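Read through the structure below, which is laid out as structure tokens, and then see the notes.
The values are calculated or read from the model by the stated rules, or taken from the named source; none is laboratory data. These numbers were taken from a predicted model, which means no experiment stands behind them. We place every Cβ from the backbone using ideal geometry, glycine too, and count neighbours over all the protein chains shown. For accessibility, only protein heavy atoms count, side chains too; no ligands or nucleic acids. Shrake-Rupley method; radii C 1.70, N 1.55, O 1.52, S 1.80 Å.
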Amino acid sequence: MMLQITSSAAQVMQRCDLLGAISEEPQRLTRRFATPAMRQVNEHVTSWMHAAGMQTWLDPIGNLVGRYPASTMQSKTLLLGSHLDTVRDAGKYDGILGVLVALACIERLHSRQQNLPFGIEVLAFADEEGLRYHNTYLGSSVVAGTFEPTLLTLVDADGISLKQAIRDFGGDPDAIPFAKRDRHEVLGYCEVHIEQGPVLEARQSPVCVVSSITGMYRISISFTGMAGHAGTSPMELRRDAFAAAAEFAFAAETLAHMTPGLVATIGQLDIQPGASNVIPGHVTLSLDLRHQQDAIREQAHKRLRNKATEICQRRHIDLDWQTKQANDTVFCTPNLSHLLTEAMRDLNYESEPLASGAGHDAAAIANLTNIAMLFVRCKAGISHHPAESVQVEDVAIAIEVLERFLLHLAKQVEDV
Ligand code: HGY
Ligand code: MN
Ligand code: MN
């Protein structure tokens, strides 16, 4: 058994390498929603799903779905999976590992000609990171039935609307409302994902169950002052949009340092007109604000919005504060998570459940059904970075835990 698992794990690692080389950019891994790179990756995963005895299809927004049949008719479906899109200059395991570990378990069932008393669908989500349209969970929100139709008018950096991008990719925006899964026919959702943090490595644990997925705000903030000559404009007369943005950025970082558990990140910055001898007239930045406790996150949001208003009044700058997305903290479902704990215990692994500081598709799917997540140790907790890495031994353990999770769930279903 162990030898087989190790070869499954080795195959997962090879596949991560292969998919990790499919990028929109030559020198680094960037794979946004509904791009040719995503189509290429879907083609590879589709062929692997077919070889594992699965039927496959693209849903209306472009999620790739692989279905492995149940042993009996009239049975419910367990959803597995994660996302295939990436951030910019990404690592090759964030999301992808979860899809491939789920697929490896199906391959092992298929190789034993074994079917369980429920169907299994592996969902390879089309967009979790939100890199192209600055809105996360586009794929999983369609499955959960929470997709906001107004998002279809969002345009990307090239002016292409989300609606058009879905059409160009072969999806059907008009069919999105009908893609919502029926909660009564779904048993639950389980996602395997790299931890993207340093705790499992510090604990010397290969895997652990996830307790919750952090709540977050995604905000776009614009500061509008007055462009002007860098040489002739006296400092006291300037309406420098970047100086206002910089003061705000420091205030956000200071508040996060002062508030235990709060993280604030400014990852995107656009300065206009963008010439070294022109005072910036317009600046737009992104603010990512997270905390496991919703009340603290909301309070920080309010404090920072007030601070931005105060800075802009004092500097005679116009402020535009756009909260693009707000997600509350989501808790994994105890009974489904318990089956993961049982599966870990079967293999003599014990590790305290861990709260996730990263967002995951499971947070969106929690609007549809019970959710559970398994974290896999990653080197030095590095993620959203090309140095992201996992050990094949830990991938083998994750495959074995997920496989035993399936068998525990099968027993639970049969005992009903
Ligand atoms: O931002 C996140 O936490 C996730 O990687 N989308
Ligand atoms: Mn990510
Ligand atoms: Mn991810």
* T341: more than 16 Å from ligand 2 (Cβ to nearest atom), surrounded by 19 or more Cβ atoms within 10 Å (Cβ to Cβ), among the hydroxyl-bearing types (S, T, Y) and in a loop (DSSP other than H, G, I, E, B), yes or no? -> no
* **Count of residues meeting criterion [buried (at least 20 other Cβ atoms within 10 Å of the Cβ) and either within 16 Å of ligand 1 (Cβ to nearest atom) or under 23 Å from F33 (Cβ atoms) (or both)] in the range 66-103** => 24
* To do: Output the number of the condition that I397 fails; it satisfies all remaining conditions of (1) touching a Lys or Arg at 6+ places or on another chain (Cβ under 8 Å); (2) away from ligand 3 (no atom under 16 Å from the Cβ); (3) among the β-branched types (V, I, T).
  => (1)
* So is E191 touching a residue at least 40 places away in the same chain (Cβ under 8 Å), surrounded by 15 or more Cβ atoms within 10 Å (Cβ to Cβ) and touching a helix residue (DSSP H, G or I) at 6+ places or on another chain (Cβ under 9 Å) or not? -> yes
* Output the qualifying pairs, or none if there are none: Cβ atoms under 6 angstrom, residues six or more apart or on different chains, first residue in the range 381-396 and of a type in the set (G, A, S), second residue crowded, with 16+ Cβ neighbours inside 10 Å and in a loop (DSSP other than H, G, I, E, B). => G381/G197; S383/G91; S383/D94; S383/Q196
* To do: Looking only at the range 277-284, decide whether some residue is within 30 Å of I371 (Cα to Cα) and away from ligand 1 (no atom under 16 Å from the Cβ).
  => no
* Matching residues, the range 82-96, being in a loop (DSSP other than H, G, I, E, B), among the small types (G, A, S) and near ligand 3 (Cβ under 9 Å from one of its atoms) -> G95
* Lone qualifier among V395, V390, V413 - being assigned to a helix (DSSP H, G or I) and in contact with a helix residue (DSSP H, G or I) (Cβ under 9 Å, 6 or more places away or on another chain) -> V395
* To do: Could you list, in sequence order, all residues of the range 267-301 that are outside any strand (DSSP E or B) and open to solvent by 50 Å² or more (accessible area, probe 1.4 Å)?
  => G267, Q268, P273, G274, S276, N277, Q292, Q293, A295, E298, Q299
* Tell me, which strands (runs of 3 or more DSSP E) lie completely within the range 154-251 with 2 or more residues that are small (G, A, S)? -> 207-213, 215-224
* Asked: Which of the residues that make up the range 147-166 are in contact with a helix residue (DSSP H, G or I) (Cβ under 8 Å, 6 or more places away or on another chain) and loosely packed, with under 15 Cβ neighbours inside 10 Å?
  -> E148, P149, T153, V155
* Structure fact -> Reported set for the range 23-41 where residues are on the phi < 0 side of the Ramachandran plot and open to solvent by 10 Å² or more (accessible area, probe 1.4 Å) is S23, E24, E25, P26, Q27, R28, L29, R32, P36, R39, Q40
* To do: Scan the range 15-29 residue by residue and report those that are in a loop (DSSP other than H, G, I, E, B) and more than 15 Å from D94 (Cβ to Cβ).
  => A21, E24, E25, P26, Q27
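From the list A396, A362, A366, A355, pick out the single residue that is within 16 Å of ligand 1 (Cβ to nearest atom), among the aliphatic types (A, V, I, L, M) and open to solvent by less than 20 Å² (accessible area, probe 1.4 Å).
When all the criteria are applied, what remains is A362.
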* Given the conditions (1) within 15 Å of ligand 3 (Cβ to nearest atom); (2) open to solvent by less than 40 Å² (accessible area, probe 1.4 Å), which single one is not true for I382? -> (2)
* **Number of the condition not met by G81 [criteria: (1) modelled with pLDDT under 95; (2) at positive phi]** => (1)
* Test result for V122, in a helix (DSSP H, G or I), crowded, with 21+ Cβ neighbours inside 10 Å, away from ligand 1 (no atom under 15 Å from the Cβ) and aliphatic (A, V, I, L, M) -> no
* Inspect the range 319-329 for any residue being away from ligand 1 (no atom under 16 Å from the Cβ), in a strand (DSSP E or B), at pLDDT 95 or above and more than 25 Å from the chain's Cα centre (by Cα) and give the result as yes or no. => yes
